[in-house]
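Trainee: What follows is a structure written as structure tokens; I'll ask about it next.
Each reported figure results from applying straightforward, stated rules to the coordinates on display, with no laboratory input. Since this is a predicted model, take the numbers as computed values, not measurements. Virtual Cβ from ideal backbone geometry, glycine too; neighbours counted across all protein chains shown.
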Amino acid sequence: MKAFPKYIAEIQGLGKGSGVPFPDIFYSNFKEEFQYYFPSDEHSADACTDVSFCTPSRCLLGHNEDGDVFNNVENILLKATFGNHTFIAFT
């Protein structure tokens, strides 16, 4: 928790705002990483992957959509502008 205090604070804020206990929110954000520590005969990715690469002049982001089929109808691609800042989000 000392290495990434802003991420921990964000997860704590999500828990506080939603009323969901911190461990539940923390685990749900890292379930893919934790699954390899649980006993199982098969470990396979069941969710998407995000990657990013930045240079001094630009950042490239990549996302694959290999999660469960039921997620295909729940996805949103959002382009938003706040002042001089524009971003694209996928959730």
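Trainee: Could you check the simple spin-label distance between residue 78 and residue 57, using points 7 Å along Cα→Cβ, in nm with one decimal?
Mentor: Output for this residue pair reads 3.1 nm.
Trainee: Here's a follow-up. Expressed in nm to one decimal, what extension gain is obtained for the pair residue 29 and residue 89 from 0.36 nm per residue of sequence separation less their Cα-Cα distance? Write out the running numbers ahead of the final one.
Mentor: Values: separation 60, 0.36 × 60 = 21.60 nm, distance 1.68 nm.
Length difference between fully extended and current span is 19.9 nm.
Trainee: Sort the following peptides by mean Cβ neighbour count (other Cβ atoms within 10 Å, averaged over residues), highest first: 7-19, 77-89.
Mentor: Listed from highest to lowest mean packing, they are 7-19, 77-89.
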